[in-house]
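Written below as structure tokens is the structure these notes are about.
The values are calculated or read from the model by the stated rules, or taken from the named source; none is laboratory data. Computed from a prediction, not measured in an experiment: that's the story for all the values here. When we count neighbours, we look across all protein chains shown, and the Cβ atoms used for this are built from the backbone with ideal geometry, even at glycine. To get the accessible areas, we keep the full protein, side chains included, count just its heavy atoms, and leave off ligands, DNA and RNA. Shrake-Rupley method; radii C 1.70, N 1.55, O 1.52, S 1.80 Å.
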Amino acid sequence: MEKSIIIDYNYNNFKLENKYDKVLIITDKNVHKYQFSNFIKNINHSFIEVFIVESGEESKLLSIYEKIIKFCIKTNITRKSLVVALGGGVVGDLAGFVASTYMRGIDLVQVPTTLLAQVDSSVGGKTGINIGNIKNIIGTFYQPKFTYINVNSLKSLNDKEYLGGLGEALKYAFIYDYDFLKYIKNNSESILNKDEVVLFNIIKKCTDIKWEVVNKDEKESGLRKILNLGHTFGHGIEKLCNLSHGFAVNIGTNMAFMIALDKGFIEEDYYEEFISVSKLLNLPTKFENADIYEILEIMKSDKKNSFGNINLVIPVGRGKVKVFDDIKDDEILDVIKRCINA
């Protein structure tokens with residue numbers, strides 16, 4: 001699998017091959033408002049179509065997917081066309097699924113505009129749409145021709161959108177590179193101020209780690225599962241509590257750390273370090289009241305589970321995690337209860 005990730009400070013070096021008869025740009029209303037004009041002027045192509053979706057998870061629906069497919073047919077998108085995903089994780093997942101399934105697959109380019117998408121979802125080839133409370137239950141593994149990351153696109157994000165992405169960035173320190181955690185802690189003020197050089201380094205580190213993991217296990221049969229730290233817990237509360245994905249992942253990571261501490265896999269000072277860096281980056285570790293049994297049921301329907309067991313990624317040391325499938329329901333319910341704000 002070829003590594004094709006370009007990290008830049010603008011869109012000036014975004015280039016497409018001259019082999020496409022049409023370019024379909026899928027984006028959302030917010031990105032279209034704040035970034036589209038800056039992006040489109042760098043595309044030298046005579047035939048461009050644009051499909052705009054609402055911002056947020058509600059666009060990852062079968063009904064929206066069907067509308068885009070019908071739009072592709074109406075505008076004569078062909079096997080020689082290209083789909084460009086210009087937006088955050090929702091647009092990337094949705095546009096990727098469109099590209100992977102339309103006419104059995106046409107070329108795709110990812111242009112992530114949120115920190116969460118830049119450090120995580122735009123790399124690795126996962127696409128997906130949701131059914132009810134179950135995230136990405138329909139999807140494909142489909143690699144983009146390349147991913148183009150404009151660091152300064154992050155300046156258009158509000159604080160909530162930006163901070164949510166830090167939850168995904170922090171994950172890489174816990175699963176793969178403890179020294180990266182030190183870098184994040186030492187540069188926390190610059191991170192919060194959106195310093196472009198620090199952000200470039202963070203995005204490069206995260207995408208390097210993700211590409212290395214995905215290159216070894218593209219279809220998530222083994223190693224790639226470690227990328228799901230905090231996600232199984234997080235998906236259980238993301239929808240019910242109307243939280244951003246990154247916030248939910250960080251809360252889920254707190255639950256994973258709690259289990260690790262309870263079972264003696266880690267020392268207390270490592271858990272305290274997680275809590276400390278979460279506070280530094282203004283990331284939540286608890287959520288408002290929700291039905292703990294409903295959260296557990298959502299976790300049980302996670303697509304990564306097997307043989308009726310919930311698969312959980314749990315820290316087992318500094319920068320190290322392991323996948324467990326034998327954590328009991330009462331242990332899971334206990335940490336969920338402990339993460340509810342009193």
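The chymotrypsin sites (Phe, Trp or Tyr not before Pro) of the stretch 80-173 include none that meets both conditions, a loop assignment by DSSP and at most 11 other Cβ atoms within 10 Å of the site Cβ. Of all the accessible heavy-atom surface of the stretch 56-123, with the other protein chains kept in place and a 1.4 Å probe, what percent is carbon and sulfur? Result for the stretch 56-123: 57 percent of the exposed heavy-atom area is carbon or sulfur. Select from the stretch 44-100 those GluC sites (Glu not before Pro) which occupy a DSSP coil region and have at most 14 other Cβ atoms within 10 Å, ordered by residue number. Of the GluC sites (Glu not before Pro), the ones in loops of the stretch 44-100 whose Cβ has at most 14 other Cβ atoms within 10 Å are E54. Shape class for the stretch 293-342, computed from the alpha carbon gyration tensor (a ≥ b ≥ c): oblate, with a/c not under 1.5 and a/b at or below b/c.
For the stretch 181-333, the relative contact order is 22 percent, taking Cα pairs closer than 8 Å that sit 6 or more residues apart in sequence and dividing their mean separation by the residue count. Among L170, P144, A117, flag the residue with its Cα farthest along the positive direction of the charge dipole of the chain, charges on Cβ as +1 for Lys/Arg and -1 for Asp/Glu. With unit charges placed on the Cβ atoms, the residue in question is P144. Could you grab the relative contact order for the stretch 84-180? Cα pairs under 8 Å, six or more apart, rounded to a whole percent. Dividing the mean separation by the residue count of the stretch 84-180 yields 28 percent. Taking 15 Å as the cut-off, the amide N atoms of the stretch 15-41 that come nearer than this to a point 7 Å along the Cα-to-beta-carbon line of V50 belong to 23-41. Taking Lys and Arg as +1 and Asp and Glu as -1, the other residues whose beta-carbon sits under 14 Å from that of E196 total +1. Report the net charge of residues surrounding H45, where surrounding means a beta-carbon distance below 15 angstrom and charges are Lys +1, Arg +1, Asp -1, Glu -1. Neighbourhood net charge equals +2. Distances longer than 26 Å among the Cα atoms of the chain: what percent of all pairs is that? Counting pairs separated by more than 26 Å, the tail of P(r) holds 46 percent.
Across the stretch 143-182, Cα-Cα pairs more than 11 Å apart make up 72 percent of the total. Oblate is the label for the stretch 232-342. Its Cα gyration tensor axes, ordered a ≥ b ≥ c, give a/c of at least 1.5 and b/c at or above a/b. Between E49 and V23, L24, I25, the built amide H atoms are under 5 Å apart, and every one of these is 5 or more places off in sequence or on another chain. Shown here for the stretch 70-129: trypsin sites (Lys or Arg not before Pro) in loop regions (DSSP other than H, G, I, E, B) with at most 16 other Cβ atoms within 10 Å, namely R79, K80. Can you give the angle from 0 to 90° between the axis of helix 196-216 and the longest principal axis of the chain, with both taken from C-alpha atoms, to the nearest 10? Taking the Cα atoms of the chain, the angle to 196-216 is about 80 degrees. Cross-link reach is defined here as a Cα-Cα straight distance under 20 Å, omitting same-chain residues fewer than 8 places apart; for K216 the lysines meeting it are K3, K126, K145, K171, K204, K205, K225, K304, K320, K322. Positive contributions from Lys and Arg (+1) and negative ones from Asp and Glu (-1), summed over other residues with Cβ under 12 Å from the Cβ of K126, come out at +2. Measuring nothing but how far apart in sequence close Cα pairs (under 8 Å, 6+ apart) lie, relative to its length, the stretch 253-313 scores a relative contact order of 25 percent.
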